[in-house]
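Beneath this line is the structure, given in structure tokens, with notes to follow.
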Amino acid sequence: MQQRFFISGDGERRKRTSSVCSNESLNAGGIPLTPRRISWRQRIFLRVASPMKKSPSAMQLQDGCDGNELLPLSPLAPCFDEDPLISMLQNDDSQDRAGEKKNSEELQSLWRKAIHQQILLLRMEKENQKLEEASRDELQSRKIKLDYEEIGTCPKDAINMWDKKLLNFRAKIKCDMEDIHATLKDGVPKSRRGEIWQFLAVQHRIRHRLPNKQQPPDISYKELLKQLTAQQHAILVDLGRTFPTHPYFTAQLGAGQLSLFNLLKAYSLLDKEVGYCQGISFVAGVLLLHMSEEQAFEMLKFLMYDLGFRKQYRPDMMSLQIQMYQLSRLLHDYHRDLYNHLEENEISPSLYAAPWFLTLFASQFSLGFVARVFDTIFLQGTEVIFKVALSLLSSQEEHIMMCETFESIVEFLKNTLPDMTKPQMEKIMTQVFEMDISKQLHAYEVEYHVLQDELQENTNACDDGEASEKLERANNHLKRQNMDLLEKLQVAHAKIQSMESNLEDALARENKMKSLIQSLEQEKAFYQKTIEKICRYLPEEALSDCRQLLKEVNCSPSKILK
């Protein structure tokens with residue numbers, strides 16, 4: 001029915017197409033055409049269609065149409081800014097005037113293609129809106145992350161140099177390290193810091209190949225997140241303690257804390273020996289402020305394995321002990337007065353420097369200063385933390401010397417020292433770039449191991465002597481115990497002798513009492529006989545009185561006599 005409506009005959013089609021075209025349209029001969037009626041399908045299409053930048057023929061070529069469907073272009077073809085339907089109808093009318101025929105299938109095909117393109121345009125607009133919203137969210141998140149005050153300013157020349165170097169970031173082209181050192185000394189733009197750290201990591205790996213035995217397990221970040229860790233409770237407890245004042249980490253279980261938890265969880269599963277240590281959370285937090293989770297995970301692996309920081313987090317803490325010894329030796333050799341002052345007050349480096357080394361200064365110092373320290377660490381490695389620690393202590397030597405008690409020194413090192421001004425921080429970082437202590441650190445580490453071996457040898461050689469000394473001490477102790485027992489024995493003998501003499505006296509008194517009792521018994525018997533004889537001569541009344549008297553005195557002869 002539709003086909004019959006549009007094509008009822010050649011003459012009828014010419015009649016209808018002549019009434020559609022506008023007065024401004026021209027036929028093949030350049031004669032103005034009268035307007036015609038537009039079908040309801042064309043009106044719908046005109047409502048939804050938007051102006052195209054390409055001609056219908058170009059659209060058909062882009063959509064992969066057959067060449068048979070292309071409309072022949074007249075010398076007066078419509079310009080690219082016109083509505084495609086009007087152009088199509090104009091061309092169609094011109095062609096009809098020229099005697100060419102088109103069926104309804106070709107028109108329907110053109111309509112379907114135009115509607116399909118319009119749907120694609122609408123979808124593209126929606127996707128663009130989503131991308132714009134995601135881009136705004138990312139910019140807002142990035143702005144929150146980088147909410148810290150930089151140390152120094154990065155000049156435009158340095159920014160341009162970094163832009164040129166970052167072009168070779170993906171290509172992994174080896175760059176001149178002296179040039180990189182000079183550029184890094186000039187400064188690092190905060191917005192590009194994460195990319196620059198990744199660039200420095202690539203440059204390090206190009207020059208230093210990590211042995212296979214020391215490389216981390218080949219497990220992807222997404223696979224690690226699917227697993228469970230035994231360190232989950234410890235990580236959750238420390239989330240609120242890591243950068244508690246920074247807006248990215250303040251929200252409880254917000255985006256910052258969730259990213260930090262994922263990163264720490266993944267590393268605890270990757271490195272079974274280290275697992276999780278409190279200091280790692282601050283290092284991971286600094287990385288997250290400058291890059292995405294997966295990028296931060298790769299950089300954390302670089303710091304731990306390639307640069308060797310994981311040694312100081314091992315359960316035995318042997319590497320941290322060596323570091324404390326190295327720092328003490330640096331103070332002893334370069335700042336003797338400060339070293340003596342700290343030793344007199346029993347201030348060991350582990351009291352103040354252990355948090356510096358384990359968190360890479362992130363737990364106590366400002367983020368701008370910490371970010372600058374990380375810049376240097378990615379370039380020079382572990383020796384940077386010794387340079388920074390030595391510069392901090394030497395810059396505040398006069399104030400530390402003025403503290404005369406243990407408590408005042410510890411208070412100054414933990415609270416006052418980190419609260420530095422920007423010029424002081426810039427001066428310290430300048431000293432760090434100019435300082436070279438790699439040879440000394442290596443010598444001190446060898447020295448530590450030599451002293452450890454000597455102590456072990458002396459311990460083994462003195463085992464026999466120590467055993468004899470222990471026996472001698474035990475013998476002297478037994479002798480003292482023996483003397484004490486002899487004194488106690490003498491006292492006991494004296495007590496026994498006195499008790500024996502008292503016993504003899506008691507026995508003598510007992511014998512006397514026994515003899516006295518015997519004499520009294522004899523006397524009693526004698527008096528009883530005497531009384532019985534007397535009673536024979538007494539009358540009955542006197543006898544009863546006498547018997548009563550005997551009962552009262554219990555037959556005691558002495559009382560009777562009285």
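The values are calculated or read from the model by the stated rules, or taken from the named source; none is laboratory data. Keep in mind the model is a prediction, meaning the values are calculated, not measured. Positions of Cβ are backbone-derived with ideal geometry, glycine not excepted, and every protein chain shown enters the neighbour counts.
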Inset, instruction - Would you be able to say whether some residue in the stretch 433-445 is β-branched (V, I, T) and assigned to a helix (DSSP H, G or I)? - result: no
Legend entry - Flag for I377 being more than 20 Å from R193 (Cβ to Cβ) and either of a type in the set (A, V, I, L, M) or assigned to a helix (DSSP H, G or I) (or both): no
Legend entry - Selected residue (criterion: nearest to the chain's Cα centre (by Cα)) from residues of the stretch 382-427 that are farther than 19 Å from L327 by Cβ and of a type in the set (S, T, Y): T416
Legend entry - Which numbered condition P247 misses (of (1) out of contact with any Asp or Glu (no Cβ under 9 Å at 6 or more places or on another chain); (2) under 27 Å from E150 (Cα atoms)): (1)
Inset, instruction - Please list, ordered by first then second residue, the pairs with beta carbon atoms under 9 Å, 6 or more apart or interchain, first in the stretch 417-445 and of a type in the set (D, E, K, R), second surrounded by fewer than 16 Cβ atoms within 10 Å (Cβ to Cβ) and in a loop (DSSP other than H, G, I, E, B). - result: K422/E149
Inset, instruction - State yes or no: is E454 over 20 Å from L331 (Cα atoms), assigned to a helix (DSSP H, G or I) and touching a residue at least 60 places away in the same chain (Cβ under 8 Å)? - result: no
Legend entry - Output for the stretch 386-407, where each listed residue is assigned to a helix (DSSP H, G or I) and either among the basic types (K, R) or without any contact (Cβ under 8 Å) to a residue 60 or more places away in the chain (or both): K387, V388, S391, L392, S395, E398, H399, M402, E407
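Per-residue answers, yes or no, for (1) at pLDDT 85 or above; (2) assigned to a helix (DSSP H, G or I); (3) surrounded by 10 or more Cβ atoms within 10 Å (Cβ to Cβ):
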{"residue": "K470", "(1), (2), (3)": "no, yes, yes"}
{"residue": "A508", "(1), (2), (3)": "yes, yes, yes"}
{"residue": "I517", "(1), (2), (3)": "yes, yes, yes"}
{"residue": "K524", "(1), (2), (3)": "yes, yes, yes"}
{"residue": "A542", "(1), (2), (3)": "no, yes, yes"}
{"residue": "C546", "(1), (2), (3)": "no, yes, yes"}
{"residue": "L550", "(1), (2), (3)": "no, yes, yes"}
{"residue": "C555", "(1), (2), (3)": "no, no, yes"}
{"residue": "S558", "(1), (2), (3)": "no, yes, yes"}
Legend entry - Entirely in the stretch 232-320, the helices (runs of 4 or more DSSP H) that have 2 or more residues that are more than 14 Å from the chain's Cα centre (by Cα) and buried (at least 23 other Cβ atoms within 10 Å of the Cβ): none
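Scan the stretch 139-171 for residues that are surrounded by 13 or more Cβ atoms within 10 Å (Cβ to Cβ) and of a type in the set (S, T, Y) and report the count.
Selection size over the stretch 139-171: 2.
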